[in-house]
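Engineer: This is the structure I have questions about; it appears just below.
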Amino acid sequence: MNNLKLPRNDKGRDFFVGDIHGCYALLEHHLSVVNFDKTVDRLISVGDLADRGPSSLECVQLITEPWFFAVRGNHEDMAIGVRRGGWSLGNFIMNGGGWFDELDDPIQERVVQLMETLPYTMEVPVDDKLVGVLHADCTVHSWKAFDGIYNKESVLWGRSRISRNDPTWVKDVDVVVVGHTPVKKTCA
């Protein structure tokens, strides 16, 4: 699945979260601060659920929760690549993936199967707006261009738009939410 189109959440609120990176307790704390109601609210993640923090497995298991939605990030891509071939385990460990190497083989496989279910992009209607979600870089100037056609490298790893300080608005969507690159303030 390349693009997940969520229905409007008419019963609760939608929250968007940046790279969680294994910080499950911190996430739970912040959800409690906003009185997150798992029966009606939704949490939309830009990916990079695991690596670096102390609770990577717990964060990956969020994928199974009915209130949690995420796109694939480059750290999910690395774990998939290690398991399926094509990515160096040593490089993954240097990027925080040591927890994955310590898992038993069947658990590693289950983690990767969960990660493989994540779409590359997501559309979330919020009020009368359409929010586009992806992990790293939106290199197109029309959101419709992502409909089945995207550059995986850019979506998961790219930083060209932010590196160029490109303020060009992305057409066909009201807001684009990304993670991957730490910033001091949001762009608007």
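The values are calculated or read from the model by the stated rules, or taken from the named source; none is laboratory data. Given the structure is predicted, the values throughout are model-derived calculations rather than measurements. Don't worry about glycine lacking a Cβ; one is built from the backbone with ideal geometry, like all the others, and counts go over all protein chains shown. The area values use the complete protein model at the heavy-atom level, side chains included, leaving out ligands, DNA and RNA. Shrake-Rupley method; radii C 1.70, N 1.55, O 1.52, S 1.80 Å.
Engineer: Under 15 Å Cα to Cα from residue 184, which aspartates and glutamates show up? Leave out anything in the same chain fewer than 8 places away.
Structural biologist: 19
Engineer: Shape call for segment 113-176 from the C-alpha gyration tensor, a ≥ b ≥ c root eigenvalues: rounded (a/c under 1.5), prolate (a/b greater than b/c) or oblate?
Structural biologist: Cα axes put segment 113-176 in the oblate bin.
Engineer: Residues with amide H under 5 Å of residue 126's amide H, sequence separation 5 or more or different chain, H placed in the peptide plane at 1.01 Å from N; which?
Structural biologist: 131
Engineer: For segment 82-188, run through the GluC sites (Glu not before Pro) and keep only the ones in DSSP coil with at most 14 other Cβ atoms within 10 Å of their Cβ.
Structural biologist: Counting only loop positions with at most 14 other Cβ atoms within 10 Å, the GluC sites (Glu not before Pro) in segment 82-188 are 102.
Engineer: If you don't mind, there's one more thing I want to ask. FRET efficiency for residue 171 and residue 13, Cβ-Cβ distance as r, R0 = 45 Å, nearest 0.05?
Structural biologist: According to the calculation, E is roughly 0.95.
Engineer: Quick check: from the Cα gyration tensor, does the chain come out rounded (a/c under 1.5), prolate or oblate? Walk me through the numbers before you get to the answer.
Structural biologist: Details: a/c = 1.67, a/b = 1.22, b/c = 1.38.
It is oblate, given that a/c is not under 1.5 and a/b is not larger than b/c.
Engineer: Rounded to the nearest 20 debye, what is the charge dipole size of segment 78-188 about its Cα centre when +1 sits on each Lys and Arg Cβ and -1 on each Asp and Glu Cβ?
Structural biologist: Charge dipole, segment 78-188, about its Cα centre: 480 debye, nearest 20.
Engineer: Whole number in Å², please: accessible area per residue of segment 43-91, 1.4 Å probe, ligands, DNA and RNA not counted.
Structural biologist: 34
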